[in-house]
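All remarks here apply to the structure that follows.
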Amino acid sequence: MRLVRFGGAGAESPGLLDDEGRVRDLSGHVGELAGETLSPESLERLRGLDRSSLPLVPDGVRLGVCVAGTGKILCIGKNYADHAAEMKSDLPPEPLLFMKATSALAGPFDEVCAPRRTAKLDYEGELALVIGRATKYVSEADALAHVAGYTIMNDVSERAFQNERGGQFTKGKSSDGFAPLGPWLVTTDEIADPQALRVRTWVDDELRQDGNTSNMIFSAAFIVSYLSEFMTLYPGDVISTGTPHGVAAGMTPPGWVRDGQTVRVAIDGLGEIANRFTVDK
């Protein structure tokens, strides 16, 4: 299934895509795409619905963040060897973890307004996982059974805030809108192998990133297992698994995103997101 949330910001309703790619309203069956709704049992029940009988949503409706109730956005840094090299970093011996504020979440096609004094705006197209049930001390072999589905995240960064303003990554990663997510949540049964997905990112019409999740240093299953050693993962938590080579900071000269440019990220089987960026005056 491909699950969506549609409607105005802060007033989204749950839905899914039918076989023709049209949005159907699920609000008669679930209150939100959050919590217990993301469990394997609930997803199996939704999978059995007659999609053609669900109310059809008008074309052009806004798509919001594809999951609700997110308590944590956990991100893995430098998880592709080619990206670590372009950032002039050694390969991490364990997953490099940082977090983004949940207030950074944005819809897959929302305009994002970067904060004042933004000077080094960067993008990172990434495969993201959404947790479907409470997860603690899970084995790598069982980890993906705790994932509700996959989606796309742009781990937006302001590199000057991140690297030149003291402290850790948080200031450069958590501005409003710096975690566009979507366009839909693709349940795990739709993706045969999360380690075989092409990841591409464009700035306007220029292809900047063209990688594959097969090149991750730490696999999606390993990351879920690893993180569950340190904290319980809850339904709706988002894990962004790192980005391939081609970020703006790795270019000579750096290819920072400028006011008015659009960043588009596409991943095989997961669709694409596209966000126009402006800078607050």
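More than 13 Å from the chain's Cα centre (by Cα), over 23 Å from residue 263 (Cβ atoms) and hydroxyl-bearing (Ser, Thr, Tyr): does that describe residue 118? Spell out the reasoning first.
On the way: more than 13 Å from the chain's Cα centre (by Cα): yes; over 23 Å from residue 263 (Cβ atoms): no; hydroxyl-bearing (Ser, Thr, Tyr): yes.
When the stated conditions are applied, residue 118 does not pass them.
Quick one: would you say residue 132 is surrounded by 24 or more Cβ atoms within 10 Å (Cβ to Cβ), under 22 Å from residue 234 (Cβ atoms) and small (Gly, Ala, Ser)? When the stated conditions are applied, residue 132 passes them. Number of residues in the stretch 7-42 that are open to solvent by 40 Å² or more (accessible area, probe 1.4 Å) and either assigned to a strand (DSSP E or B) or of a type in the set (Asp, Glu) (or both): the value is 5. Of all residues in the stretch 247-261, those satisfying the criterion of being within 20 Å of residue 91 (Cα to Cα) and out of contact with any His (no Cβ under 8 Å at 6 or more places or on another chain) are 248, 249, 251.
What pairs can you find where one residue is in the stretch 214-225 and hydrophobic (A, V, I, L, M, F, W, C), the other is assigned to a helix (DSSP H, G or I), and their Cβ atoms are less than 6 Å apart, with a gap of 6+ or different chains? Close Cβ pairs satisfying both conditions: 221/143; 221/144; 224/143. Here is the figure for the stretch 71-111: residues that are in a strand (DSSP E or B), aromatic (Phe, Trp, Tyr) and under 14 Å from the mean Cα position of the chain (by Cα) total 0. Filtering the stretch 179-209 to residues that are touching a strand residue (DSSP E or B) at 6+ places or on another chain (Cβ under 9 Å), part of a strand (DSSP E or B) and exposed (fewer than 15 other Cβ atoms within 10 Å of the Cβ) leaves 198, 207. Screening residue 176 with (1) within 19 Å of residue 225 (Cβ to Cβ); (2) assigned to a loop (DSSP other than H, G, I, E, B) gives one miss only, at (1). Looking across the stretch 241-269 at every residue that is over 21 Å from the mean Cα position of the chain (by Cα) and among the small types (Gly, Ala, Ser), the one that is least open to solvent (accessible area, probe 1.4 Å) is identified as 255. Any residue in the stretch 211-233 that is under 23 Å from residue 104 (Cβ atoms), open to solvent by 40 Å² or more (accessible area, probe 1.4 Å) and either part of a strand (DSSP E or B) or touching a strand residue (DSSP E or B) at 6+ places or on another chain (Cβ under 7 Å) (or both)? Looking for residues that are under 23 Å from residue 104 (Cβ atoms), open to solvent by 40 Å² or more (accessible area, probe 1.4 Å) and either part of a strand (DSSP E or B) or touching a strand residue (DSSP E or B) at 6+ places or on another chain (Cβ under 7 Å) (or both), one finds none in the stretch 211-233, hence no. Applying the condition of being without any contact (Cβ under 8 Å) to a residue 24 or more places away in the chain and within 23 Å of the chain's Cα centre (by Cα) to the stretch 15-36 and asking which residue is farthest from residue 146 (Cα to Cα) yields 21. Out of the stretch 72-98, which residues are of a type in the set (Gly, Ala, Ser) and open to solvent by less than 20 Å² (accessible area, probe 1.4 Å)? Once the filter is applied, which keeps residues that are of a type in the set (Gly, Ala, Ser) and open to solvent by less than 20 Å² (accessible area, probe 1.4 Å), the stretch 72-98 yields 77, 84. Within the stretch 99-129, the set of residues being within 21 Å of residue 223 (Cα to Cα) and open to solvent by 70 Å² or more (accessible area, probe 1.4 Å) comprises just one member, 99.
When you scan the stretch 145-172, how many residues do you find that are in contact (Cβ under 8 Å) with a residue 24 or more places away in the chain, touching a strand residue (DSSP E or B) at 6+ places or on another chain (Cβ under 9 Å) and open to solvent by 50 Å² or more (accessible area, probe 1.4 Å)? Here the count works out to 3.
Kindly provide the set of residues from the stretch 43-98 that are farther than 20 Å from residue 219 by Cα, of a type in the set (A, V, I, L, M, F, W, C) and either at pLDDT 95 or above or touching a strand residue (DSSP E or B) at 6+ places or on another chain (Cβ under 7 Å) (or both), ordered by number.
43, 46, 49, 54, 56, 57, 61, 63, 65, 66, 67, 68
The values are calculated or read from the model by the stated rules, or taken from the named source; none is laboratory data. Predicted model only: the values in this text are computed from it and were never measured. Cβ: placed from backbone, ideal geometry, glycine included. Neighbour counts: every protein chain shown. With ligands, DNA and RNA removed, areas are computed over all heavy atoms of the protein, side chains included. Shrake-Rupley method; radii C 1.70, N 1.55, O 1.52, S 1.80 Å.
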